[in-house]
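Every number in this text was worked out from the coordinates using simple rules, so none of it is lab data. From a predicted model like this one, the values you see are computed outputs, not experimental measurements. Counting neighbours? That spans all protein chains shown, and the Cβs are built from the backbone with ideal geometry, glycine included.
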Amino acid sequence: MDTVENPALVVAWSGFFLALIFGFIANKTSFCTMGAVSDVVNMGDWGRMRAWLLGIGLAILGTNVLAYLTLVDLGQAYYTRGTVHWLAALVGGLTFGLGMTLAGGCGQRTLVRLGGGNLKSIVVFIFLGYTALVTMNGILRIFVDSVLRADAVTVQLDGLQTLPHLLGMTDKISHLAVAIVLSMLILAFVFANKEFRQNRDNLLAGFVVGGVVVAGWYATGHLGFGEDPETMELAYLGTDSRGPESMTFVGPLAYTMDLLAYWRDKRVTFGVASVFGVIVGSLIYSLLSRSFRWEYFNSPQDMFRHILGAILMGFGGITAMGCTIGQAVTGVSTLAISSFIVFFGIVAGSAITMKIQYYLMMRDA
């Protein structure tokens with residue numbers, strides 16, 4: 001295969017520029033996964049939800065075309081490993097959905113809002129990133145590993161945990177066929193709505209989300225596969241997982257906190273670069289559109305809700321191994337079973353929280 005000079009650097013810059021595009025468009029189109037759930041639950045409006053699903057459908061199609069063309073080996077991604085921690089996926093998804101509702105947005109939305117001048121997002125960034133780091137490598141990992149990922153609640157498969165493998169369809173053509181059918185079903189639902197087809201912002205958001213995730217797989221799984229200068233062996237370079245990966249924002253926030261604390265011993269990876277890319281992209285749009293403005297907490301209660309939400313997102317995102325982008329789009333694009341569990345957990349957690357908030361508001365009123 002063709003190799004590139006300094007693959008790790010190429011991968012890091014790819015993460016930055018792809019995320020910059022993501023941040024710019026997410027700000028422009030008001031793309032927000034928490035907002036998508038809120039629109040459906042509170043107003044019956046499926047516009048932003050269809051944009052999210054459009055991104056998922058395109059990511060499934062594009063990612064599996066890359067796999068079929070051997071431009072990325074999805075079997076090396078951490079999503080598809082045969083160990084299914086279903087309880088961690090479910091609890092992590094529910095917790096993340098609860099947290100993002102309290103914090104007013106998920107990880108990627110926090111970065112987009114930060115680029116637009118929202119000072120609340122700085123607080124969410126810090127608490128989310130630190131909690132994610134503690135869950136990944138600190139004391140909270142003891143609970144996650146001993147309870148949520150215990151052997152009693154873990155399913156060990158012989159092969160990969162992807163939908164085609166569970167159906168006994170292990171060859172490349174069958175795997176691609178399953179991906180095509182599923183993506184076409186999702187896209188058929190998305191484009192069945194005339195109002196959605198006429199909404200340029202939602203269309204643009206969906207195409208960019210899906211396209212950026214596919215491009216991320218190509219960058220880390222193809223361009224980033226090269227000779228490790230330390231071991232002189234072929235390896236995936238420039239990623240935190242040491243394998244192919246794409247857009248996700250909870251783990252990278254933890255790695256960003258770690259990088260800032262131990263700069264001399266760390267390197268900027270695809271994920272860390274994507275954190276800064278989203279902020280810069282959002283900032284560029286907010287300045288060009290003159291929408292940049294400082295925002296802050298309007299009460300101590302508001303600050304407490306955001307801090308609590310950030311903590312829950314940090315814990316939930318690491319426990320579930322992803323977020324509304326990292327699992328619900330990137331993970332689902334691999335057709336991993338755990339990713340579907342996380343996706344439905346996030347949506348359910350967010351929707352239930354919104355219903356409880358509405359009930360409490362009406363009761364107080």
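Below are the figures for this structure:
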| read-out | value |
| --- | --- |
| All positions within the stretch 202-236 that are part of a helix (DSSP H, G or I) and more than 20 Å from the chain's Cα centre (by Cα) | HIS222, LEU223 |
| Any hit, the stretch 66-80, residues being assigned to a loop (DSSP other than H, G, I, E, B), hydrophobic (A, V, I, L, M, F, W, C), touching an Asp or Glu at 6+ places or on another chain (Cβ under 7 Å) and over 20 Å from VAL329 (Cβ atoms) | no |
| Close pairs from the stretch 80-109: first closer than 27 Å to THR154 by Cα, partner in a helix (DSSP H, G or I) and of a type in the set (D, E, K, R), Cβ under 8 Å, at least 6 apart | MET100/ARG109 |
| Any hit, the stretch 266-274, residues being within 23 Å of THR83 (Cβ to Cβ), crowded, with 21+ Cβ neighbours inside 10 Å and in contact with a helix residue (DSSP H, G or I) (Cβ under 7 Å, 6 or more places away or on another chain) | yes |
| Number of the exception - ALA12 against (1) among the small types (Gly, Ala, Ser); (2) touching a helix residue (DSSP H, G or I) at 6+ places or on another chain (Cβ under 6 Å); (3) within 30 Å of HIS165 (Cβ to Cβ) | (3) |
| Subset of the stretch 181-194 that is surrounded by 14 or more Cβ atoms within 10 Å (Cβ to Cβ) and β-branched (Val, Ile, Thr) - its residue that is farthest from GLY62 (Cα to Cα) | VAL190 |
| Selection status of VAL275, under 30 Å from TYR68 (Cβ atoms) and among the aliphatic types (A, V, I, L, M) | no |
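Matching residues to (1) in contact with a helix residue (DSSP H, G or I) (Cβ under 8 Å, 6 or more places away or on another chain); (2) small (Gly, Ala, Ser); (3) closer than 30 Å to ALA310 by Cα:
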site: ILE186; (1), (2), (3): yes, no, no
site: ASN193; (1), (2), (3): yes, no, no
site: ARG197; (1), (2), (3): yes, no, no
site: VAL209; (1), (2), (3): yes, no, yes
site: VAL214; (1), (2), (3): yes, no, yes
site: TRP217; (1), (2), (3): yes, no, yes
site: GLY238; (1), (2), (3): yes, yes, yes
site: PRO252; (1), (2), (3): yes, no, yes
